[in-house]
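The structure appears right after this line, and notes come after that.
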Amino acid sequence: MTIDPHTHSTASDGTTTPANLMGEAANSGIGTIGLTDHDTVAGWEEAAAQVGASGVSLIRGMEVSAAYAGISVHIVAYLFNPADPVLQAHMSRVQASRSDRAQEIVERLHKDTGIVWSDVVEETHEGATIGRPHIADALVTRGVVGSRGEAFDRFLNPRTPYFVRHYAPEAATAVEWIQGGGGKAVLAHPCAPLRSKVIPERAFGELAEAGLFGLEVDHRDNDVTKISMLEDALGTFGLARFGSSDYHGSGKPNRLGENTTSPAVLSALIDGCYLEVLNP
Ligand code: AMP
Ligand code: FE
Ligand code: FE
Ligand code: ZN
């Protein structure tokens, strides 16, 4: 059974709708998929409605944008109560801040690229969490760049003058919120240096203390020289080993099922969570 617990849909910065994602998962031989859009649960219902038709089990999750010592970190929240008021407040606050910052980035980009806010709105599904990939898509549509990757290299990374941060809670706080909402927390792609700065190793211990359940060791963005350090951290802090594709449709080269999580870790994840995995 192939388990790919971290993917994105058009509810955030993926390019595949939640319903089509379930079909693509079936075609890729995935038995269990996690839908984990950035800071939203908006895709859950549509994906859940396809569990029967696709024959693919669904883990409902969300990738929480957080920060450690000012460095952006992503924490995947699994199987929590979506009505939890603290997590709902997080979603509202981050989404509002993401929208404000995206508009500010577009204002900074306007003079050099011609891009305007309505270009970005057109690239974003209604109700989706806005991110830099939507600005990248607008730059591609305008013919300024050829791909999302080129847009990040030239215009959207933190080393450019166009970059603006969005609000993000402290990583340990986010872990506590996820547990408080009946879910479990996994630190996503902990060593993805291409994105920006990487958190220091002491963070693993601190987050484990806060209740972190797992580390995403098997992920294409992790620096390969850091894998043995991550494996050591699993043992030292009693964390579960996760792997995933972090599929974003055509927005990234990541392919469904390219990295996976073991059935034993999935069983341990499910144990005691507020929500269950939806099975066909
Ligand atoms: P944001 O959510 O606005 O901070 O943007 C970060 C998102 O952009 C990540 O979740 C990735 O999905 C995406 N991303 C980052 N770097 C790249 C890249 N080089 N090419 C395509 N997508 C990227
Ligand atoms: Fe993303
Ligand atoms: Fe991420
Ligand atoms: Zn992700």
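A short reminder: the numbers here are calculations on the coordinates, not readings from a lab. Everything numeric here is computed off the predicted structure, so don't read it as measured data. Quick reminder, even Gly has a Cβ in these numbers, built from the backbone with ideal geometry, and neighbours come from all protein chains shown.
Relative to the dominant Cα principal axis of the chain, helix 227-237 is inclined by about 50°. Taking the DSSP beta bridges with both ends in the chain, the antiparallel portion is around 40 percent. Compared with the dominant principal axis of the Cα atoms in the chain, helix 132-141 is inclined by about 50°. Residues whose amide H comes within less than 5 Å of that of Val73, counting only those at least five positions distant or on another chain, are Ala66, Ala67, Tyr68 (H built at 1.01 Å from N in the peptide plane).
For Lys197, the lysines whose Cα falls under 16 Å of its own Cα, not counting residues fewer than eight places away in the same chain, are Lys226. When the chain is treated as a GNM with alpha-carbon contacts under 10 Å, the residue of Asp218, Asp39, Asp246 showing the greatest mean-square fluctuation is Asp218.
Radius of gyration (Cα atoms) of the chain, expressed as a multiple of 2.2 N^0.38 Å: 0.95. When both region 214-280 and region 5-75 are represented by their alpha-carbon centers, they are found 13 Å apart. Note on Lys111: aspartates and glutamates with a C-alpha under 17 Å away, same-chain residues under 8 apart excluded, are Asp119. Rounded to the nearest 20 debye, the dipole size of the chain about its Cα centre is 540 debye, using +1 on the Cβ of Lys and Arg and -1 on the Cβ of Asp and Glu. Set the Förster radius R0 to 45 Å, insert the Cβ-Cβ distance between Thr2 and Arg159 as r into 1/(1 + (r/R0)^6), and round the FRET efficiency to 0.05. It comes to 0.75. Note the angle between two axes, namely the Cα long axis of helix 171-180 and the longest principal axis of the Cα atoms of the chain, as a number of degrees from 0 to 90, rounded to the nearest 10. The angle comes out at about 50 degrees. Each Lys and Arg contributes +1 and each Asp and Glu -1, all at the Cβ; summed about the Cα centre of region 1-136, the dipole is approximately 300 debye.
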